[in-house]
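**Q** Got a structure for you, questions after.
Laboratory data are not the source of any read-out in this text; all were calculated from the coordinates shown. Quantities reported herein were computed from a predicted structural model and do not represent experimental measurements. Quick reminder, even Gly has a Cβ in these numbers, built from the backbone with ideal geometry, and neighbours come from all protein chains shown.
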Amino acid sequence: MRVLLVEDEPHLVKEISEFLVTESFICDVSTSLREASENIAVNDYDFVLLDLGLPDGDGLTLLDELSQGNASVVILTARSEVDDKVKGLQMGADDYLAKPFSLLELKARMQAILRRKGGWKKEQFPIGEFEVDFAAKTIMYAKTEIKLTSKEFALLQFLLINKNRVLNRFQLAEHLWGDHLDDDYQSNYIDVHIKNIRKKLGEYAATDWLETVRGLGYKVKI
Amino acid sequence: MKLSAKFLIYNFLAKGMLLVAFLALGPFLIEYLAVKNTDSLLEEKKLEVLAIIESEGIESFISEENRDIGYGSYNLLKEEYILIEKVDYVFSSDTIFVEERILDDASVPYRVLATTFMSGEDSILMEIGRSLQTIQEFKDIVFRIFVGIIMVFLILSFLLDYKFANTVMAPFHRIVKRKLSSIDQPQQYDYKKIDTNTEEFQILDRSIADMMTRIQKAFNQERTFISHASHELKTPISVLQSKVEAMFAAQELDHVQMEKLLDMQGTIAHMKKTVNALLLISKVNNAQFIKTEEVEIKALLEEVFEDWEPIAADKKINFSLQKTVSHVIPDTNKSLLLMMLRNAISNAIKYTPKGGAILVSSEFGERGFQINIKDTGSGIPDEILNQVKEGLVFLKDAEKDKSGFGMQLMFKIALYLNVDIQVDSAENGTRLVFLFP
C-alpha cells in the first residue's frame, strides 16, 4: 500500500515514515502543499496523511484535489480548533488524529478505515483456539461466542493489530481512553482488563498467546 | 423587587400620605368654612331685619300685646329663628355664639348672632339663630364627596403610574433580555442599538456594547494564543513520543533500557494529558465546542457503567447502576458529557476504599432531570472544592495525586453545558448530583 505523508516537521517525518516502512507501507513524503499537490497528480495513493499547518498554506485546501482520487485521508494536526475537525471531515477526510498521537494509534485508525471501505477482505483472525471477528466485534471458541465488554474487545483488537509487539500500558490506555481522562491510575486499569480477558477466555482454552512482558506491558504472540 | 414596582409603591405611598393628611384636616376645614358661611348668612339676615324695622317700625315685631315677651319666630323647618325683645342694656358690638335650644324635647345647637340697637328710647335685643344640624349634614356630604374624589384620583394615578413606569423601563428590559440573558457567549451579542430616547439607557446600551467588543477581542486573542501554543507544544511532544515508541518497538535494547524508556513514555503521557487538559479547559471557557447533539442519558450511563464496572469489581467496590430513566438531553455535546461523567466516576472509584460502594442513578427530581453519584469514599475537602467552584485551574494545597485537572474539567464542562453540580461531601462519603437544565 502506498502512503503520502504531508508533514513539514522533519523529526516527525522521519519517525512516521520509518514506522510506515516497518509496517510494510510504501511511503512518500511531501513537506509543503506544492510538493504534495505534485505527488498527488503523479501517483495513486491508498492513504494521504495530511498535516494542516504547512509552510505554504492550509492543508485543508488539498482536500479538494484529493476528492478526485481514491486515497483515504487522515488529518494529522496540532491545531485545537473544533471547526478544523468538522470542516476536514465534511470536506471528505476519513479520520482526524490530533497530535501528539501514538504511531500505533495511527496504524489502528488506518486499518479501521480500510475495513470500513471494504479494502480489507479478511475480518476473522484465528488466535490460539479462538477466532476474533473485527467486523462483528465478537470472539468465538468453536461455535460459542464469548462475551467481552467493549473496552476488553478494543484492547484485544489493538494488541492483535500490533501482534508480536510489546505494547506498554500507556499506549494501551491512550487507545482506550484517549488523552483526556484525568486519571494517573488508568494505565493500571489495563491490568484489570487483561486479567478479565484471560479469565473469560481461559474458561474455554489456553491464553498463553497473550503474554505479559514483565515490567513493560503486554504482547499478542502469534 | 423591580425598579418600576419601587417607583409605583413610592408614588402610591407618597400620594396616599398626602391625601390622608388632607382627609384628616378636611372635616375641620369644612366646619370652619361652613361656620364662616353661616355667620355671613346671619349677618345678611340681621341687615334684612334691620331694614324691615327701619321701614316698617319696631311695632311690626313688638306691639302692645307682646311688649313684655317680645317677638320670637322659627321658620318652617326650624332651621332658623329670630328673637326680638326689649332689654335694659346695649352691647357695644354684635356677638356670635353657639347655644343649645330645646325643641320638641330635643336639644338642638344653634349658631346665634345677637345684636342690640335703640328704637326710640327702647333698647332692643335681636337674636338670629341658624341650626348647626344643617352645617353637620353639609359637612358630611362634602366629606363623602371628598373621599370619593380622592379614591378615584388615587386609582387613576396608580394606573397611569403603572403604565408610565412600564413604558419607561421597557428599553432596560429589552437590553437585558435581548443582549444579556439570551446569549451564552460574547460572539452571540447583538450590536443593534435598542430603540429608546432615555439617555441613561442609551449610555447603558453603548457601555455594554463597548464592553462586549473588548471581551470578544480578548476571547479572540486567547483563541489565537491557544491555537499557536497548542501547535508549538504538541508538535515537539509528538516527535518525542514517536521517537520513544520507535525505540521501544525496535527490540534491540535490554530490559533495563526498555524500563527507562517506559518511564519516559509515562512522562510523555503525563505531559500530553496536562497539555490536553489545559487546552480543553481553555476551549470550554472559550465556548469552542458545538452544542448541537441529542444524547440519550440512559444509554450513556450504561456505557460509562460498563467501562468502569470491571475496575470497580477488581477493587472490591460494590458498583451499581440503579433507577435509570430514559431521558434525551437536547443541544449538548456527547463527548463533553461523557468526559464529565467519566471524570466523576473515575474519581469516585479512585477515592472509594476497598469494600466500599458507589451508586449511580438518574431520576426526575424537584428541579428536573438529575444524575446522582453516591460513594463511600473520603469526600472532597472543602478548600479544594471551593477553589474548583471559583474556577481556579491550578489548585493550591492540593495533594499530589489530587492535583490533576479532573475536577476542574468536570465543573467547567458542567458550566458550559448548563449543568448544575451539587456536592455533599462528608467523612463517610460524597454525593454528587448533576442537575440538567
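**Q** Just name one of B:Phe164, B:Phe394, B:Pro186: the one whose Cα is farthest towards the positive end of the charge dipole of chain B (beta-carbon charges, Lys/Arg +1, Asp/Glu -1).
**A** Highest projection toward the positive end goes to B:Phe394.
**Q** Can I ask one more? So how do A:Tyr45, A:Tyr189 line up by other beta-carbon neighbours within 10 Å, fewest first?
**A** A:Tyr45, A:Tyr189
**Q** Residue by residue through A:9-15, how many Cβ atoms from other chains fall within 10 Å of the Cβ on average?
**A** That average works out to 5.
**Q** Can you give me the Cα centroid spacing of the stretch B:123-155 and the stretch B:163-208 in angstrom?
**A** If we compute the Cα centre of each part, the gap is 55 Å.
**Q** Please determine, in degrees from 0 to 90 and to the nearest 10, the orientation of helix A:33-42 with respect to the longest principal axis defined by the Cα atoms of chain A, where the helix direction is its Cα long axis.
**A** The answer is roughly 80 degrees.
**Q** Could you work out how far apart the two model spin labels at A:Val21 and A:Met140 are, taking each label as a point 7 Å from the Cα in the direction of the beta carbon, and quote it in nm?
**A** In this crude spin-label approximation the distance works out to 4.1 nm.
**Q** Residues of B:243-249, mean number of Cβ from any other protein chain within 10 Å of their own Cβ, rounded to a whole number? Kindly include the intermediate steps, with their values, before the conclusion.
**A** Working: counts 4, 4, 10, 7, 0, 9, 9.
Mean partner shielding for this stretch: 6.
**Q** Sort A:32-43, A:47-58, B:158-169 by packing, meaning the average of other beta carbons within 10 Å per residue, with the highest value first.
**A** A:47-58, A:32-43, B:158-169
**Q** Where the centre of each part is set by its Cα atoms, how far does the stretch A:189-210 sit from the stretch A:112-163, in angstrom?
**A** Cα centroid to Cα centroid, the span is 15 Å.
**Q** Separate question: Dipole of the stretch A:124-220, Cα-centred, from +1 at each Lys and Arg C-beta and -1 at each Asp and Glu C-beta, to the nearest 20 debye?
**A** 260
**Q** Right, here's the next one. Could you pull out every one of the aspartates and glutamates with an alpha carbon less than 18 Å from that of A:Lys14, ignoring same-chain neighbours closer than 8 positions?
**A** Within reach: A:Glu23, A:Asp28, A:Glu35, A:Asp51, A:Glu105, B:Glu245.
**Q** Kindly state, as a whole number, the per residue volume in cubic angstrom of the convex hull around the alpha carbon atoms of the protein assembly as shown.
**A** Cα-based convex hull of the protein assembly as shown, divided per residue, equals 295 Å³.
**Q** Taking a ≥ b ≥ c as the square roots of the eigenvalues of the Cα gyration tensor of the stretch A:2-116, is the shape rounded (a/c under 1.5), prolate (a/b larger than b/c) or oblate?
**A** Because its axes are fairly even, with a/c under 1.5, the stretch A:2-116 counts as rounded.
**Q** How many Cβ atoms of partner chains, on average, are near each residue of A:165-172 if near means within 10 Å of its Cβ?
**A** 5
**Q** Is there a pair in A:Lys195/B:Lys412; A:Lys137/A:Lys195; A:Lys143/A:Lys163; A:Lys163/B:Lys334; A:Lys195/B:Lys354; B:Lys177/B:Lys298 whose C-alpha atoms are over 26 Å apart, and which pairs would that be?
**A** The pairs that break the limit, which is 26 Å between Cα atoms, are A:Lys195/B:Lys412; A:Lys163/B:Lys334; B:Lys177/B:Lys298.
**Q** Provide the per-residue ³J(HN,Hα) series for the stretch A:140-149, in order, calculated from phi with Karplus coefficients 6.51, -1.76, 1.60 and θ = phi - 60°, each as a whole number of Hz, with x at glycine and proline positions.
**A** 10, 10, 6, 10, 9, 8, 9, 7, 10, 6
**Q** Please work out the Cα center distance from the stretch A:25-96 to the stretch B:84-100, rounded to the nearest Å.
**A** 125
**Q** Compute the acute angle (0 to 90°) between the alpha-carbon long axis of helix B:255-285 and the principal axis of greatest extent of the alpha-carbon atoms of chain B; round to the nearest 10°.
**A** 20
**Q** Cross-link partners among lysines for B:Lys36, C-alpha distance below 18 Å, same-chain residues fewer than 8 apart left out?
**A** Those lysines meeting the cut-off are B:Lys45, B:Lys46, B:Lys139.
**Q** Once the Cα atoms of helix B:132-174 and of chain B are each reduced to a long axis, what angle between those two axes, in degrees from 0 to 90 to the nearest 10, is obtained?
**A** Here the helix axis deviates by roughly 20 degrees.
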